[in-house]
Structure formats: C-alpha cells, structure tokens
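The values are calculated or read from the model by the stated rules, or taken from the named source; none is laboratory data. Remember, predicted model here, so these are calculated numbers, not experimental data. Here the Cβ positions follow ideal geometry from the backbone for every residue, glycine too, while neighbour counts run over all protein chains shown. Just the protein is used for accessible areas: all its heavy atoms, side chains included, with ligands, DNA and RNA removed. Shrake-Rupley method; radii C 1.70, N 1.55, O 1.52, S 1.80 Å.
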Amino acid sequence: MRIIEEIRSHFATLYEGLRMLDSVPEEYPAYCLRYQGEYGVAFDFDSDKDILEESVNATISTREVTLWNGERRKCLLLTCYDEEFRNEFANMCELFVTPGVNGEIRNRIVENPLVWWNKWIGLLGDHKSQKTCYDELAELITLDFLYKDDSSVIWTAAEAGTHDIESASASYEVKSTIKKSETHVIISSRHQLEAANKLELFFFRMEKSLSGFSINDVADSLEKHGYDRLQLEKQLADKGYSRGMSIRDTKFTILEVRRYIIDGNFPKIVETSFKNDVFPKNIIKITYTIDLEGIDYTSMRFTKNSDGTINGVEGEVHKFYVDDFGDDTNCIKVFHEMKPNCIPLYNMRAACGALSDNEIPEVEGWVDASGHGFTPDKDRFFAVHAKGNSMAPYINNGDVCVFEWYKGGSRNDCIVLTEAVGTDPDYDCQFTIKKYHSEKIQTDQGLQNSRIVLQSLNSEYPDIELVEGENYITYGIFKCVLK
C-alpha cells in the first residue's frame, strides 16, 4: 500500500490513539494518530527543541506520545482539526513522513522543522496573522529589571490588568515602538495613568535584528533571577506565546529606553481634567495619544551578562524647562551632567526674575550653548531662567539666557544680570536682568557715577534707579537667548 493510501485509510478508520504506518521503512518509523478531534501524523524527534507553530488549518508541534506498548516518546507532529480537509491534509502528511533516499528528507525536517513548515504554509498562503511580540518583550525586560530588586513584582498584563506590572509599592506601564523616531504613546484606558501608589512609565524603542533580546532570552534571565518559570510559561501561553513557538526566538535590538515618573507634571487625562473633577456622564472610554518629547525622563541601558541574565542600568537624567506660560516651542534640554559644548544652568529666576532672599543659586543642570556665535566655555559662560516681560521683545518670559561672567570694565548700555537687594518692585527679587545705564560727572577724583539706572526695554515696566550707597553686584553680561 502506498503511504498516501494508508494515511487516508487510518484517518477514516482510526477512532482514538496511535497506529504505526507500515508503508514507511521501519528504520524511519512514522505514525498516524487521532486524539480528541485532532488527527495527523508523527515521527520520533530526538531533539531538545520545542516546536509549536499554527496556521489556520494545520499545526506542527513537539510533544510526548504514548505508543501501543505503553512507551512514551517525544515526537514531531503534523496535525489538523478540520475533518472537511482530511483527504487534502493527507497529501501534506505524506510529504511530511516520507523519509526520502537514505532518510535525506526526514533528516532535513528533523534538523530544522520550521524551514519545511514555512515553505509549505507560505505556498498555501495559510499563515495566521503574524504577532508583533516587541510589546510583550519590552514588558518582560522591565519585569526582569524590577524583579531583581523587588520580588513582589507581578506581570499583570498577562491577566489583562490595569497596569502592565504591579508591585507592593508601585505600578508600571510599559510602552514600545519599532518606529525609529516617533515618541508617541497611546493611552487606552482612563485608569492607565492613575495608581494608588507610585506610577512609572517605561518607553522602549526597538528594531528587529539578528542579535539582541528575545522572549526566550528574557524568560531564561527571569528564571535565573528567581521568577517562577511555571507561572511565567502559563502567563506567556495566555498571551499567545506558548513554549516552542518560533516567535519567542525573534530578536530585537534596544535602541532606546526611557523611564518616566507619572506625577502631577506628566500630561494625562484624569477626573480633575474635567469640570467639577468628574468625568462627563456616559463617557465610558477615553483613548488619547501623548508625545513624550520635552518631558523629564531617565535613560536606561540593558546588556546581557555572560551567564545569560540581563542587566539594566539607569543612565543620564534628561530634564526639560518649559516657560511659565506652558509654551514648549522653546523647550531647552537640560543634561544631568556636563557634556561637550555645555554650560551650567543656575536655578534662579531673574526678573525681567524672582529669587527669594534666602535662596542661594545652584547649578540645576547643563545646557548646550553651541551654535550661538561663540565658543561655549563652562568657566566663562553660564545660563539662568528669565521671568517676566520687562525686557520683551528681546528677552521673553521663560527664556533661558546666557551670560558671560563679568570681570570688570565698562557695562554701560549692556544688558546685565545684577544683584541688588529689594530693587525690583515688580517681582520683589534680588536678581534682575536689565539694561545698565550710567551717567558720569568729572570730579577731583576723576569721572564718577552720578546716576545708575537699570532700564527696562518694555515701556510698560518702570526702570530701577540705584540709590547712592546701595550695594549691588553685576554678575554677567548678556550674550544670547538659547533656542
């Protein structure tokens, strides 16, 4: 009997169990099987590989089967549930179990079952829609990073929880993209950016590659860090990534990871966003998109250790300054540490700024001052925030202004940063940005200042005249506004 005839006969008569295919050479045994509505063929598979791939009408998988003598063997199975295609499926099964000359076909399939599978499924146009596993991969990498320090962490996304990851003290959202430049994230639930405890958001930018991280890589790392592997495998299966599926070996390179704190400054739609702090009646779902550019974050880096575990390290803190009107068109990136072409940014708000008398200016970060017509020098130049519009339109509210440290010489008709206690009635501050103007007279001791005025460029604001004997200090000569 030909192989195809025997397969069709067994498909028609086999009620339940396993039957040897006599038409296949005994040195390359193969079987017909039927279990609980599933039918197909199988042969011995002596490999550590686990396989599980599905199309619309067929499945290739590895599992242990029980032979008629009670012996259990690991086999590679090609199966189907749809009885309507039984005869057509038998043709595919014949090609699967036929060993070929000296077992060449069988050996090729055993060596790489998915090569055979993908050729046939591709030819038949029978692929299921392909999963894009980078979302789950990002969640697992975050889970692995957090679990090392907090064993209470749970992957709640596997159970369709409000947040992707929960711990005893915090909640975590994980967003990912394979677009190289986009920083948009979609918020699909009104509660997604709300939590009783601390809430953070991890944003991954990845691309598919031959190296990098896969779901199996992270699963192994989690197991080595102590996460329950059985629980993880159940969670992965619930998400559609059962053990043996080839998509679990799909690798992605991590291009960027950002870690955000979801606090009162983070843009979100919550109850307090609406009138009377109540969601409008009958609105049951809100979906919106957030652009993450211009929001403070901490960068992260992930690498593989020699033992297969994954190591996550926090990197640079990225801070952004947006002016008091909420205008982010001149959003300046503030670095946590000094970088090339950067100068220090002091945490004062100089009137034009306001700084209370008991505050001492400190460096809050570093800003890139390149491209403004001078060579940035951290020891020669510094930057401060401007507040108010007394120097508009030359300097506007919220601008980050660069000054050169004043070392002496003429300041006349220069814009300066001056400390003069209690001299700016508009902003009640001791630091002010104004145009310095002095008038001099000839005395026996030479030229002396007869009048010093700190002038506003905006006519709606008064000038400040320094009183004789009043102490004041000029700290810097204005260079430019950072753009």
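Here are some notes:
- Rough spin-label spacing in nm, given labels placed 7 Å along Cα→Cβ, for Glu71 and Thr289: 6.1
- Placing unit charges on the Cβ atoms of the charged side chains and taking the dipole of the chain about its Cα centre, the candidate lying farthest along the positive direction among Ile286, Met300, Val56 is Val56.
- Label-reachable residues, segment 199-218, where backbone N falls under 20 Å from a point 7 Å from Glu233's Cα toward its Cβ: 214-218
- Accessible carbon and sulfur surface of segment 201-290 relative to its total accessible area, %, 1.4 Å: 51
- Once the C-beta distance of Asn449 and Met338 is scaled by a Förster radius of 41 Å, the resulting FRET efficiency is 0.60 to the nearest 0.05.
- Measuring against 22 Å, Cα to Cα, the residue pairs Lys175/Lys251; Lys179/Lys234; Lys434/Lys479 contain Lys179/Lys234 as the ones spanning a longer distance.
- Ordered by 1.4 Å accessible area with all protein chains kept, Glu53, Glu84 run largest first as Glu84, Glu53.
- As a fraction of the 1.4 Å probe accessible area of segment 2-111, surface on carbon and sulfur atoms comes out at 46 percent.
- All-pairs alpha carbon distance profile, segment 86-127, 5 Å steps from 0, percent: 6, 21, 27, 26, 15, 5, 0
- Distance between the 7 Å Cα→Cβ label points at Asn57 and Leu14: 1.9 nm.
- Report note on the peptides 194-200, 430-436, 273-279: ranked by the mean count of other C-beta atoms within 10 Å, highest first, their order is 430-436, 194-200, 273-279.
- Straight-distance crosslink candidates among aspartates and glutamates, where the alpha carbon sits under 17 Å from Lys49 and sequence neighbours closer than 8 are dropped: Glu64, Glu111, Asp217, Asp220, Glu233, Asp249
- Each label point was placed 7 Å from the Cα along the Cα-to-Cβ direction; for Thr132 and Lys198 their separation is 3.2 nm.
- Set of segment 241-257 residues, backbone N closer than 12 Å to the point 7 Å along the Cα-Cβ line of Asp50: 241-246, 248-249
- Of all beta bridges that DSSP places with both ends in the chain, some 90 percent have antiparallel geometry.
- Partner lysines for Lys148 [C-alpha distance under 17 Å; skip if fewer than 8 residues away on the same chain]: Lys224, Lys304
- Local net charge near Cys414, Cβ-Cβ under 11 Å (Lys/Arg +1, Asp/Glu -1): +2
- Long-range tail of P(r) for segment 1-68 (Cα pairs > 16 Å, %): 51
- Looking at segment 234-328, the accessible area is 57 square angstrom per residue; that uses a 1.4 Å probe and ignores ligands, DNA and RNA.
- Its Kirkwood hydrodynamic radius, worked out from the mean inverse distance over all distinct Cα pairs, puts the chain at 28.6 Å.
- Sorting 176-183, 133-140, 303-310, 394-401 by average packing, meaning the other beta carbons within 10 Å per residue, from highest down gives 133-140, 394-401, 176-183, 303-310.
- Ordering of 211-220, 406-415 by packing is 211-220, 406-415, highest average first (other Cβ atoms within 10 Å, averaged per residue).
- Cβ-Cβ FRET estimate between Asp307 and Leu114, R0 fixed at 35 Å, reported to 0.05: 0.80
- Residues of segment 126-211: accessible area per residue with a 1.4 Å probe, Å²: 46
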